[in-house]
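Notes follow once the structure below has been shown.
The values are calculated or read from the model by the stated rules, or taken from the named source; none is laboratory data. Everything numeric in this text was worked out from a predicted model, so none of it was measured. Cβ sites come from the backbone with ideal geometry, for glycine too, and all protein chains shown count toward neighbours.
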Amino acid sequence: MTWIDTYYLKSITGLDNEMEEDEYEVYIQESQRETLMSLNQQVVREKVKYIDTVRSNKIDGENTIYYIENYKDAWLSDSNYDLTVDTSDVEVFSVDYDTDTETSLTISSITPSEGKIVVSSAPENVDLYLNYTYTNIDIITPDPRLKLAVCFLAASYCYLRLAQGGKVDVKFGNTSIKEDYLSNYDKYYTKYLDLIEKINSSSSDGGVLFGYSNIRI
């Protein structure tokens, strides 16, 4: 789930072959992780309960399909920042209050766009809880704004790296290469911050996505 490649980065930002390809790729991956951190909402111990007739979330020994409370206009996200969204990004566990035991359930599959989680066996006579992260923007397709945000952040880090690389003495008039690199760092980092702010402020509820949600028993 890498949102951009080095070709995209270079075509947008004017970077060329100043660094090795694998260095560009590292900055792209780290920039994507940082962008995800700015978008993710973490939910801890959300109790599974009835939502509607489609998302009944029954705990009856037959049902294996459960939905997150934040399913509307939201996507399950990359909780462990390995740049994939899969079953490892969600935790489902049961609580048996008669015996005071908690048990982790095996997750068969998830559907991020629906906030849907399928467990391998149907629980009963327990309460269920979920740990997960979600975003209010599609990170899997991904939304084009995310590609641009990662591009801007990766470019800023690339130019900062180049400014620290010792190329200081080559000058054109009153402008040094180092000054040019630092100027580009400032430009692209500012672009990144502005775009992330716009993405957050345009979320479905009009709110900001930065934060941490903690729903407990």
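Put simply, of E25, E91, E69, E62 the only residue that is among the acidic types (D, E), under 24 Å from Y159 (Cα atoms) and at pLDDT 95 or above is E25.
Tell me, which residue of the stretch 151-180 that is more than 21 Å from the chain's Cα centre (by Cα) and modelled with pLDDT of 90 or more is surrounded by the most Cβ atoms within 10 Å (Cβ to Cβ)? Out of the qualifying residues, it is C158. Taken over the stretch 33-66, the criterion of being exposed (fewer than 14 other Cβ atoms within 10 Å of the Cβ) and among the aliphatic types (A, V, I, L, M) is satisfied by M37, V54.
Checked against the criterion of being under 16 Å from Y8 (Cα atoms) and either loosely packed, with under 13 Cβ neighbours inside 10 Å or modelled with pLDDT under 90 (or both), the stretch 183-194 has no qualifying residue. Could you check the stretch 102-150 and list, in sequence order, the residues that are of a type in the set (A, V, I, L, M), surrounded by 18 or more Cβ atoms within 10 Å (Cβ to Cβ) and at pLDDT 95 or above? Of everything in the stretch 102-150, those that are of a type in the set (A, V, I, L, M), surrounded by 18 or more Cβ atoms within 10 Å (Cβ to Cβ) and at pLDDT 95 or above turn out to be L105, I107, I110, I117, V119, V126, L128, L130, L146, L148, A149, V150.
On inspection, T2 passes the criterion of being surrounded by fewer than 16 Cβ atoms within 10 Å (Cβ to Cβ) and either part of a loop (DSSP other than H, G, I, E, B) or in contact (Cβ under 8 Å) with a residue 24 or more places away in the chain (or both).
Any residue at all in the stretch 55-66 that's within 30 Å of S11 (Cβ to Cβ) and either part of a strand (DSSP E or B) or touching a residue at least 24 places away in the same chain (Cβ under 8 Å) (or both)? No, the stretch 55-66 has no match at all. Scanning the stretch 67-93 for residues that are assigned to a loop (DSSP other than H, G, I, E, B) and in contact with a Pro (Cβ under 8 Å, 6 or more places away or on another chain) yields S77, V85. Test D52 against the stated conditions and say whether it is of a type in the set (D, E) and in contact with a Ser or Thr (Cβ under 9 Å, 6 or more places away or on another chain). Taking the combined requirement at face value, the residue does not satisfy it.
Exactly one residue out of D82, D89, D16 is touching a helix residue (DSSP H, G or I) at 6+ places or on another chain (Cβ under 9 Å) and in the same structural domain as V150 (by TED's automatic domain parsing), and it is D16.
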